[in-house]
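The values are calculated or read from the model by the stated rules, or taken from the named source; none is laboratory data. Computed from a prediction, not measured in an experiment: that's the story for all the values here. For accessibility, only protein heavy atoms count, side chains too; no ligands or nucleic acids. Shrake-Rupley method; radii C 1.70, N 1.55, O 1.52, S 1.80 Å.
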Amino acid sequence: MYFDTARMYGHGMCERSLGEFLPTSWRNDITISTKFGIVANSVYESFPLAMYAGKSFKKLFKPSFSKVSRDITLNGIMASVSKSLSALKTNRLDVLMLHEPLSSEIPLLEHSMEWILKQKESGRIRYFGLAGKVEQCMELKRYFGDAIDILQIEDSITKKESIAMHDNYPVQITYGYMRRSLSNNTISPMDALDLGLKQNLEGVVLVSTRSI
């Protein structure tokens, strides 16, 4: 089983819930992926009810601004990994990804890469990857080469972003088919998934929903 999460999903709540839910005896049978880069709101982490109040405010008033804090400094990455391990109640991360990477952040990531590679050597992190837009992910992949093990990119049936990834990338995960297709009411959920799977024969399609 594969579980995809991130520090900013629920501002720490997603990782904590997953850590509470998964029995220790399952650890060797599951793959846990989490992300750093987009920083969880410290207030929401401590007071989850404030997060729901904030979401209600945004839904009602639809503010034009949406502040997102990023931190890929070495200290920021170390703190994020430590919090993830604690919340997930595990001593290792199967996959650690940079969340929505930006090409402008290459110098900062380069400064942190030695530490990341040491974590891979020690087994604390098994694989390192990038999760975000295909153009940005590909640029960082070309720059860092074999240090990047996994690319998780937003794909679509119309633009077929994943096609550009097929050569020389052993592990790729794609997402976004349903959201990007259904937003225009152009296709049914099952048809979107079917086309996504046919488009990505060598990859893995990641699916999530908040609708039962």
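Checking the table Lys120/Lys159; Lys159/Lys198; Lys35/Lys198; Lys89/Lys133; Lys35/Lys89; Lys35/Lys141 against a 25 Å threshold on Cα-Cα, which pairs fail? Present the calculation step by step, with values, prior to reporting the outcome.
Values: Lys120/Lys159 34 Å; Lys159/Lys198 14 Å; Lys35/Lys198 27 Å; Lys89/Lys133 30 Å; Lys35/Lys89 16 Å; Lys35/Lys141 16 Å.
Those over the limit are Lys120/Lys159; Lys35/Lys198; Lys89/Lys133.
Just the accessible area for Arg126, please: 1.4 Å probe, Å², rounded to the nearest 10?
The accessible area comes out at roughly 140 Å².
Give me the accessible area per residue for the range 84-130, probe 1.4 Å, as a whole number in Å². Kindly include the intermediate steps, with their values, before the conclusion.
Details: 2250 Å² over 47 residues.
Using a 1.4 Å probe on heavy atoms only, each residue of the range 84-130 averages 48 Å².
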